[in-house]
1. Listed residues Gly657, Gly578, Gly586, Gly645; which is small (Gly, Ala, Ser), at pLDDT below 95 and under 24 Å from the mean Cα position of the chain (by Cα)?
2. List, please: which pairs have Cβ atoms under 7 Å, are six or more places apart or on different chains, and start with a residue in segment 154-183 that is part of a loop (DSSP other than H, G, I, E, B) and end with one that is among the acidic types (Asp, Glu)?
3. Residues of segment 552-569 being surrounded by fewer than 21 Cβ atoms within 10 Å (Cβ to Cβ) and either not assigned by TED's automatic domain parsing to the domain that holds Met225 or not in a loop (DSSP other than H, G, I, E, B) (or both), which ones?
4. Select, from Leu395, Leu458, Leu375, Leu440, the only residue that is in a strand (DSSP E or B) and not assigned by TED's automatic domain parsing to the domain that holds Ala96.
5. Please go through segment 340-372 and pick out each residue that is over 20 Å from Phe312 (Cα atoms), touching a residue at least 40 places away in the same chain (Cβ under 8 Å), of a type outside the set (Gly, Ala, Ser) and part of a loop (DSSP other than H, G, I, E, B).
6. Condition first: closer than 22 Å to Asp424 by Cβ, of a type in the set (Asp, Glu) and either modelled with pLDDT of 95 or more or in a strand (DSSP E or B) (or both). Now tell me which residues in segment 227-275 satisfy that.
7. Please count how many residues of segment 254-298 are among the acidic types (Asp, Glu), surrounded by fewer than 22 Cβ atoms within 10 Å (Cβ to Cβ) and in contact with a strand residue (DSSP E or B) (Cβ under 7 Å, 6 or more places away or on another chain).
8. With respect to Trp218, is the statement that it is closer than 30 Å to Val529 by Cα, of a type outside the set (Lys, Arg) and crowded, with 19+ Cβ neighbours inside 10 Å true?
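The values are calculated or read from the model by the stated rules, or taken from the named source; none is laboratory data. Computed from a predicted model, the values in this text were never measured in an experiment. Ideal geometry is used to build each Cβ from the backbone, glycine not excepted, and the neighbour counts take in all protein chains shown.
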Amino acid sequence: MTTHLPLTEHYHPDQIEAATQTFWETEKSFVVTEDSSREKFYCLSMFPYPSGKLHMGHVRNYTISDVIARYQRMQGKNVLHPMGWDAFGLPAENAAIKHNTAPAAWTYSNTDYMRGQLKRLGFGFDWSREVTTCKPDYYKWEQWFFTRLIEKGLAYKKVSSVNWCPNDMTVLANEQVIDGCCWRCDSKVERKEIPQWFIKITDYAEQLLNDLDQLDEWPEQVRTMQRNWIGKSQGVEMTFELEAPVGEHTAFDVYTTRPDTLMGVTYVSLAAEHPISKKLAENNAALAAFIAECKIQSVSEADMATMDKKGFDTGIKALHPLTGKPVAVWVANYVLMDYGSGAVMAVPAHDQRDFEFAQKYGLAIEQVIDGEGDLTKAAITEKGKLINSGEFDGLEFQAAFDAIAAKLQQENKGRITTNFRLRDWGVSRQRYWGAPIPVLYLNGGKEIPVPASRLPVLLPEEVVMDGVHSPIKKDEQWRKTEFDGQAAEHETDTFDTFMESSWYYARYTCANFDGGMIDKAAADYWLPVDQYVGGIEHAILHLLYARFFHKLMRDEGLVSGDEPFKRLLCQGMVLKDGTKMSKSKGNTVDPQELIDQYGADTVRLFTMFAAPPEQSLEWNDAGVEGAHRFLRKLWKAVHAHQQAGTAPELKVDSLTGPQKDLRRKTHETIAKVSDDYGRRQTFNTAIAAVMELLNDVTRFERKDDQDLAVEREALLAAVQLLAPIVPHICHTLWAGLGRGDNLLDAGWPQLDEAALVKSELELVVQINGKVRAKITVAADADNDTIIALAKSNDNVQKFLDGVEIKMCKVVPGKLVTFAVK
């Protein structure tokens, strides 16, 4: 089939791009199947949330992955490059309320529109594998997998704290809490404890940490962020006994990574939600009021670090585990139940947070580590030699750690333990637009996973949003069901949307498989993802959860290998006027308008040329114009070449100097661009190299048939090298040069190493460090011949006449240098 347009004099991107996209669509150019005889390459960009319109961040992200996918295809590989929609989530609910519609209708309308935009940009996605996470054929298997996790003891339910709006009587996501208030009604948000579902990611903490060493093609920054998030530490867990029992409580545990400071403990702090705090509050109205106040504060790490430290002296005492000395027990707003045991030993001399608290409440500050600093102004936090610590005086950190840990163990008051900062993954969300959690509640409160035969648990799509309550929580008909002849109720919480994005990459390998969650044969062929592209903002949670999910699926026998993503590229943001584009700042650029004005290839070229992919891209209207001018120049050069006649066969052995120079530039460009695409992934420098080649072509004086042949080789190479970035114009130019319609599978231009060898070299001649001439010598000339040629140069002779030559040296390939007296 031929759908390319003839090479008219002028470049018309709208016509060219429409015809090229019709060809790809008709030929099913990007539909792939498993082929064990070919090397595979799985290229994936993080799928978008269907917000309604593409923004420039989308364009940049998907252009990068498309460039890589097309390049790898031109290397002869079987390339999978899929696309889908991360379609569940809170924004759809908000938009549905705003536009008086249902989230499903809003979402499907957006996916239809955005799919058209992606096609208009010429992205080579295999749309036959499209995945939409809000469709039952996707979330059915997520539900099934969760029931398996329950059966294996890896998913469980427990009471946990959430953000609660007392006015709207609803749970709020963290992003719905603004300055401690409900985003909708501005009521003070409280911390409320409700039952929620969790998955035991902590069981895999060691694996998640150790397997980062396998990911040597990930940015080190991302691996470091994940290591810190997992937060493995060795410390000591110790017991503080209470001076007098509080109800059934006689002691509490504390974990610390700094047991060397134990002799400097002057008080201990409990979380507001600690069981002992709650028990004491039953008969202490002031403490109960303080705990209530703690419940309406932000618990984000950034806010916790800067907020005013507040506390309440409970009046009870705990006993120091080694000295037996009574220490005060406080409830403090900076201690969270979610971390460790919900209790901390306070060493204000050596912890800044404890220091600020102690100063505020006039508590003792006792130095036990020798170090520089002023304890009237700040804590001394560096490690050092112990002082004021009795038998442990003089010990450095590690020796003190070991000695104090041994003493605690001997006294049966503590033990060395490994701890992780990572906490189990809470997957319950109390909003509507998500996959229903597949659990039934029977009379008496017993909970059971929904049997596989009753999956999927369908989410009703025809709903009315009131802006407060989840429709499925209000819908008794949906909620109530039966099981084994007895009344039952569906769980009305839905899954965190990170669930859907944690395994979509594997479903793409078998998107239309209805016999299970994953077709292992297909997954084993395509996985791992060879190249993953996405924003640095996903460096921790999404990538960590996807790595965890992969290990869960591996252990279920669904996939092979330890890791899902082999190589990771985190692209930078798109900025305008120095700030990130956003509707609220009014500094967005509409990709659709640019496509209409300049064509998709211009937009793609600019986004790849303006900056290396991992750096931020500063939007520049002049840069877009420049990209368009270059494409017109390329078109004009090929059109002029075609008008000059049919090029004969290239006769390498008979080429003249200028012909050799252009041919050498062609093959130097092939070598550089191949490295830029493959190893370096610096597409901006690849484009710059082709621009240089095209400049040489336009300066080249065409006089005979071999000139035409050399020029043709250069233009064909330029078209092939640019094809991954500007595929529409290159498809048309390739065909116009008589090479057929299928540039996609034409292969990559072959490098001729012999063409890189220069027959002549230009050398600088220096006399006493000053340049006096330039000479041209044969590339294989020996030093004596080079020196003789240099001396025979008229300008060099002027400076050598009548002087003594003290030194003469040839620096190979660069210069001849004389020292004279």
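1. Within the list Gly657, Gly578, Gly586, Gly645, the selection yields Gly578.
2. That search, which allows pairs on different chains as well, returns Leu154/Asp203; Pro166/Glu190.
3. Answer for segment 552-569, where residues must be surrounded by fewer than 21 Cβ atoms within 10 Å (Cβ to Cβ) and either not assigned by TED's automatic domain parsing to the domain that holds Met225 or not in a loop (DSSP other than H, G, I, E, B) (or both): Arg554, Asp555, Lys566, Arg567, Leu568, Leu569.
4. Leu440
5. If the condition is that a residue be over 20 Å from Phe312 (Cα atoms), touching a residue at least 40 places away in the same chain (Cβ under 8 Å), of a type outside the set (Gly, Ala, Ser) and part of a loop (DSSP other than H, G, I, E, B), then His350, Glu366, Gln367, Val368 are the ones that fit.
6. Matches in segment 227-275: Glu237, Asp253.
7. So the answer is 1.
8. When the stated conditions are applied, Trp218 passes them.
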